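J.: Below is the structure I would like to discuss, written out as structure tokens.
Bear in mind these aren't lab numbers, they're just calculated from the coordinates by the rules spelled out. Every value quoted in this text rests on a predicted model; they were computed, and no experiment measured them. Glycine gets a Cβ as well: all are built from the backbone with ideal geometry, and neighbour counts include every protein chain shown.
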């Protein structure tokens, strides 16, 4: 049975999984879940993922949520996925896992909080909280500095000095591209001090194109929409 | 070379690793890092873990942080660790990983925020924030309900219907035992509505004793200290 991927391309972990499957020729069916219409909270979707979140997969009866778990699982079970994505060697694998685990309580939480409280809240019927945005920005900048000093030191194109990307590169870059939705001044202020980050995002893009841009198309469109709204 | 574990037994992920090593006869040396004295922020410790957090390990030159990564790594590389802890089968392994990934942004964050803002803040020179505590309690209760309905359904003693514990059982139970530090009324109000959780904590304790109680001794002592302070 074909792997089913329940996703929304505006969601950063969804994008990581779709790009990963396309780059590696994984046979899968993408089922789009409209978050703004609340489809993730429908009883039908909660049968797939009771957490009511995207992404989720169904593979031959197995239902899985959590994007890092899904990336690891597809890398391990799909034939022909090159070793760089999720290395079989225990030491390299542990280093990738350590970045993925770090991501949850650091870059992920600040990125999600920042975009919600500077741009997206009204779209979900919520109020923006400027103090939460300010705290998230501080934490975001700190996370970007950690990424640069810990995993992008030296001249390597990808994390940990590797010549090819891992699922950690892909997951974290898809988090950072959520910045496409930020207000222009915010992007400039927060990202410009991190040239290594900007170069690494380009490296991951190049290594996974044309799929990277294709899957990010929905995000670019949303960006244009938001920009039009802001200049009204 | 002996595996070095840098830990503090008042830290829940530290406890999980120490208990795991003891139960499985892993040859390791525990190096205690005093968080209240700020030893985790010393230049010497930052050489081990630049994130300035416990736990961390050094294994034959490899430095690793993030407790879930460390548990996976020790389970995979130490001879003789039984398969129930981190199953080799891809499907069972993915289910364990999914719980571990979920933990970060759910039970972990609410548990840490709650204990900080009801008990520990003054010990770290911070002010308690009652609103943050109230929000954390709501999120904690929701996480406990998810654990019961998703992974403790049926009559099995451990997660996912298993007869023996996994690293996910151990990690999440060590998070919940942090509740030993809560005020008595908070424990009663938050934990009592979840009898399956209380039973499962007992099951994990029984499956890992005498090490579980031995490693929790420092927490029980801190609990007695806090109680004495409260009744002053």
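J.: Between the label point of residue B:27 and that of the same position in each other copy, find the distances and list them shortest first in nm, with every label point placed 7 Å from Cα along the Cα-to-C-beta direction.
T.: 4.8
J.: Between B:159, B:28, B:124, find the one with the highest GNM mean-square fluctuation for chain B; connect C-alpha pairs within less than 10 Å.
T.: Largest GNM mean-square fluctuation: B:124.
J.: A follow-up question, please. Segment B:78-122 to segment A:38-59: how many Å between their Cα centroids?
T.: Here the answer is 22 Å between Cα centres.
J.: Right, here's the next one. With a point put 7 Å past each Cα toward its Cβ, work out how far residue B:131 is from residue A:1 in nm, to one decimal.
T.: Between residue B:131 and residue A:1, the label points sit 4.7 nm apart.
J.: Would you please classify the overall shape of segment A:79-174 from the alpha carbon gyration tensor, given that a ≥ b ≥ c denote the square roots of the eigenvalues, rounded means a/c under 1.5, and beyond that prolate means a/b larger than b/c while oblate covers the rest?
T.: prolate
J.: May I pose another question? Using R₀ = 41 Å, calculate the FRET efficiency as 1/(1 + (r/R₀)^6) where r is the Cβ-Cβ separation of residue B:91 and residue A:155; round to 0.05.
T.: Plugging the Cβ-Cβ distance into 1/(1 + (r/R0)^6) gives 0.55.
J.: Moving on. Take the rotation relating chain B to chain A, measure from its axis to every Cβ in chain B, and name the nearest residue with the distance in whole Å.
T.: B:104, 2
J.: Nm distances between the label at residue A:223 and the same-position labels in the remaining copies, 7 Å along Cα→Cβ, shortest first?
T.: Relative to the other copies, residue A:223 has label-point distances of 5.2 nm.
J.: Further, regarding this structure: Contour minus end-to-end for residue B:198 and residue B:124, with contour as 0.36 nm per residue of separation and end-to-end as the Cα-Cα distance?
T.: Working: separation 74, 0.36 × 74 = 26.64 nm, distance 2.94 nm.
In short, 23.7 nm is gained.
J.: Over the Cα atoms of segment A:90-231, compute the convex hull volume and normalise it per residue, giving Å³.
T.: 112
J.: In nm, give the distance between the simple-model label positions of residue B:206 and residue B:105, each being 7 Å from the Cα along the Cα-to-Cβ direction.
T.: 3.6
J.: For segment B:12-112, take the alpha-carbon Rg, divide it by the Kirkwood Rh, and send me Rg/Rh.
T.: Values: Rg = 14.5 Å, Rh = 14.9 Å.
Across segment B:12-112, the Cα-based Rg/Rh ratio is 0.98.
J.: Relative contact order for segment B:3-77 using alpha-carbon pairs under 8 Å, separation at least 6, rounded to a whole percent?
T.: Averaging sequence separation for qualifying contacts and normalising by length gives 34 percent for segment B:3-77.
J.: List the distances, in nm and shortest first, from the label point of residue A:205 to the matching label points in every other copy, placing each point 7 Å from Cα along the Cα-to-Cβ direction.
T.: When each copy's label point is compared with this one, the spacings are 5.5 nm.
J.: Can you give me the Kirkwood hydrodynamic radius for segment A:1-70, using every pair of distinct Cα atoms, in Å to one decimal?
T.: Kirkwood hydrodynamic radius for segment A:1-70: 12.0 Å.
J.: For chain B, with a Gaussian network of springs between Cα atoms less than 10 Å apart, report the residue from B:110, B:171, B:92 with the top mean-square fluctuation.
T.: Most flexible of the set in this elastic network: B:92.
J.: When only C-alpha pairs under 8 Å and at least 6 residues apart count, what is the relative contact order of chain B, in percent?
T.: 21
J.: Could you check what % of the DSSP bridge pairs in chain B are antiparallel, to the nearest 5?
T.: Once the DSSP bridges in chain B are tallied, antiparallel ones form about 60 percent.
J.: Which value in nm describes the separation of the simple spin-label points at residue B:76 and residue B:148, placed 7 Å from the Cα toward the beta carbon?
T.: About 3.5 nm separates the two model spin labels.
J.: Right, next: Nearest 500 deg cm²/dmol is fine: what mean residue ellipticity at 222 nm does chain B get from its DSSP H runs of n ≥ 4 alone, each adding -39,500 (n - 2.57), divided by its residue count? Before the final figure, lay out each step's value.
T.: Working: 10 runs with 125 residues, N = 232.
One gets -17000 deg cm²/dmol as the mean residue ellipticity at 222 nm.
J.: State, as an integer percentage, the relative contact order of segment A:40-138 based on alpha-carbon contacts under 8 Å between residues 6 or more apart.
T.: The value is 13 percent.
J.: Moving on to the next point. Would you work out if the protein assembly as shown is rounded, prolate or oblate? Take a ≥ b ≥ c from the square roots of the eigenvalues of the alpha-carbon gyration tensor; rounded if a/c is under 1.5, else prolate when a/b is larger than b/c, oblate otherwise.
T.: Verdict is rounded for the protein assembly as shown.
J.: Nearest 5 is fine: what % of DSSP beta bridges in the protein assembly as shown come out antiparallel, could you say?
T.: Details: 14 of 24 bridges.
Close to 60 percent.
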